[in-house]
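One structure below.
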Amino acid sequence: MAQNQKVSDIVLFDAATTPLKSVSALYGASIDRKDNIICIENKGNNLYPGVSIKGSWNIGKSNQIMVELQNFDDKGDVTITVRLENPGADPDKGTGVVVSRLNVPAGGLKELTISIPSKPPYPEVEAKLKGMRYTPYKLSPLTSSLDGTGDISRIVVFINRAKQDWKWGIKKVVAKVGPDEQMPSWMYLPSEKFFPFIDIYGQFIHKDWPGKTKSDNDLKEELRRELADIETNPGPSDRSLYGGWKNGPRQKATGHFYVKKIDNKWWMVDPEGYLYWSHGVVRVTPSCAVTPLDDREFYFTSLPKADDPFAEFYTTRDELLYPYYVARNIKKTYDFSAANIKRKYGENWRGKYAEMAHKRLKSWGLNTIANSSDKSICMMDKTPYTDRFELKSPDIEGSNNAWWKFKDPFHPEFRTSFRKQLMGRKKELEDPWCFGFFVDNEISWGGPTALAEWTLQSPASQPAKIEMVKRLKKRYKKIEDLNKIWKSGYANWEALLESQEKPASGSYNDCLEFTAIITEAYFKNVRDEFKKVAPDKLYMGCRFAGSNETALRIGAKYCDVISYNIYRRSLASFSLPEGIDKPVMIGEFHFGALDRGLFHPSLVETANQQERGKAYGIYVESALRHPNIIGTHWHQFSDQATTGRFDGEDFQVGFTDVCDTPYRETIENIRNVGYNMYKIRSSK
């Protein structure tokens, strides 16, 4: 028996002794047993690469699952999902399973524990909680719906929607008996006492925390406190008009921003010729906490009546995100953040909030309003800004849907539609305070052959498909020649055009080639149209959030700046593919915690606000020390709504909360790194 193993422990899997025939790879992962550990490797974009372990066990009264995992990569934490299934489980419906996600840091073997929770006394309360990623009943990635028999027939361990290559391993899975975890007090409340659970300010009722707003007077007091703080800390003294490095080596002034490599480090240069590093935040807007009300109005204590002055916040919205609400057929929303800002600033609240936003950014050591922010705030000639386009042209119908389907660059509307979008933003594109634009966001690229495969799964009228078949005809001359290579059975070229089935395995090389052709057409067409209208603005790419190397290499040819959304602890191990040397902008990152009344600690969880603040400093300093990175943009300025936005995101990710109160621990660390950023960036 292992040193730490108890008599009551039940070993479900041990890489040293479990027969390999019970272990199978999932979704393109490769597996190998080495040194008594099952090593798993995945390449590129895959849905759920990992392993399935089949068996027949009974975990009895066990309430903990211990998993030994190892992360062989140096890229940072890898998030591993572990799922145990009862016989007859339906994972898609969430029945008969216990599921949790574990963050595994790089390095040696890590022993991680999943606690199986007790069943709450009022399950009907949980059944009414919807539209939130995490809820007051689900404050972690854990889902538990085991049938109570203790019977387990399968263990699945995988990475959820892997967006990059990972090497990791699993050594052991053991069921244990441990102390029961205490449920939060509100989970003992019956329905009539639990609902409503959101107060007039959009805050959770059944919990208290430091800085919680209890009255309108609290809002006014906080404003007085913050104005005094800003007066004491007006901002760094070494900054140019645009937030550039006033004491640094001056470059050619062109009246607009550009990028330049100096002493082996990439920089931006501001319109006056000062070196500039972009330290910014996404979504500087009063409308960060818009939340859907459809079928959920009973969640809230004090929604205003139609004739109430605060009824206007049924119609205020974030313009960029509004189409996402429309696409989901969400009819009614309420904007808690803007309502609180009106309570706080009073008459002319929009104008006062806008002025305050610029004062805050400067005071906190920030110099960029990043994308998806309020245009009226951006265009006040006070802080440099960037924004993003989302292409509106027709889709490749067979493509996977991340945020939106992939746009067809061979469609005649691809260029004309984007040109029209550009002309609609002419004022920003001519504004010296605007340094550039992203185009699209977190595109789903799939694997190295995916775009071509999706094209072949589209209707016969798809322009990209017509182009692909035209090229195939030129190569193969006869359909029989294609069938021989592809191992397919198309009757004629028309049958290939009409088919919407995934192509046979022999199509790999042709799909690899045409995926590159589509990618090239996408980036080239975007750049050509962008530079025709805005030759002096930076085309800042598509905000990669995982991609294949083909997309990265082609994108690097056409983008002035490559952009990534990277949710990690540090960028110390970040690198571009070999042979690519381009400036890089971090379009999104964040950290969150559960000690301030929200239900979701964000994509990168920290223990509390103190740790969250420290994590900010570590991340941004790692970016400042990276020769390619020219800026970091935090997502987002204020917390999301406690009850979630259009897709249920309800993250504690703001510099301010739903009541516009800054998180002081985070602000302190933003200042620490922001006031010293040019010193850090210029150090050898």
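Key figures for this structure:
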item	result
Rounded Å value of the spacing that divides the Cα centres of the range 186-257 and the range 606-625	17
Potential extension, ASP481-LYS193 segment - 0.36 nm per residue separation minus Cα distance	96.5 nm
Calculated FRET value between LYS128 and VAL11, using beta carbons and R₀ = 45 Å, to 0.05	0.70
Distance histogram for the chain (every C-alpha pair counted, 10 angstrom bins, percent rounded to whole numbers)	3, 14, 22, 25, 21, 12, 4, 0
Label zone at PHE298 (point 7 Å along Cα-to-Cβ), backbone N below 14 Å, the range 125-164	125-130
Cβ crowding within 10 Å averaged over residues, with 281-287, 416-422, 551-557, 574-580 ranked highest first	281-287, 551-557, 416-422, 574-580
Cα centroid separation - the range 649-684 against the range 460-529, whole Å	49
The chain: relative contact order as a whole-number percent, Cα under 8 Å and 6+ apart	15
Residue-span extension gain [ILE230 to GLU111] - 0.36 nm each, minus C-alpha spacing	38.3 nm
Listed peptides 179-185, 214-220, 582-588 by packing density, highest first (mean Cβ within 10 Å)	582-588, 214-220, 179-185
Karplus-derived HN-Hα couplings along the range 595-608 (A = 6.51, B = -1.76, C = 1.60, θ = phi - 60°), whole Hz, x at Gly and Pro	9, 10, x, 8, 9, 10, x, 5, 6, 10, 7, 10, 6, 6
Stretchable slack from ASP147 to LEU47, in nm (0.36 nm times residue separation minus alpha-carbon distance)	33.3 nm
The range 90-166 - Rg (one decimal) and Dmax (whole number), Cα, Å	14.8, 43
Pairwise label distance in nanometres, ASP73 with THR95, each label 7 Å out on the Cα-Cβ vector	3.5
Projected area averaged over orientations for the range 421-464, convex hull of C-alpha atoms, nm²	5.1
Listed residue pairs exceeding 31 Å between alpha carbons, taken from LYS21/LYS61; LYS163/LYS265; LYS359/LYS532; LYS407/LYS487; LYS167/LYS614; LYS362/LYS582	LYS359/LYS532
Per principal axis, descending, Cα span of the range 403-526 in whole Å	58, 24, 23
Distance (nanometres) between label positions extended 7 Å along Cα→Cβ at ASP165 and LEU139	4.0
Alpha-carbon centroids, the range 57-81 and the range 277-304: separation in whole Å	35
Per-residue ³J(HN,Hα) for the range 487-501, Karplus 6.51 cos²θ - 1.76 cosθ + 1.60, θ = phi - 60°, Hz, x for Gly and Pro	6, 10, x, 5, 5, 6, 5, 5, 5, 5, 5, 7, 5, 10, 8
q = 0.11, 0.16 Å⁻¹: log10 I(q)/I(0) that the Debye formula gives for the range 14-159, counting C-alpha atoms only	-0.46, -0.96
Considering only the chain, percent of DSSP beta bridges that pair antiparallel, nearest 5	75
Peptides ranked, highest mean first, by Cβ atoms within 10 Å: ranges 404-410, 81-87, 499-505	404-410, 81-87, 499-505
Using a Förster distance of 25 Å, the FRET efficiency for LYS474-GLU430 (Cβ separation, nearest 0.05)	0.05
Volume per residue of the C-alpha convex hull in the range 585-667, rounded to whole Å³	87
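FYI, it's all coordinate maths here, none of it is from the lab. Keep in mind that what you see is a predicted model, and the values were worked out from it rather than measured. No Cβ is skipped: glycine too gets one built from the backbone with ideal geometry, and neighbour counts run over all protein chains shown.
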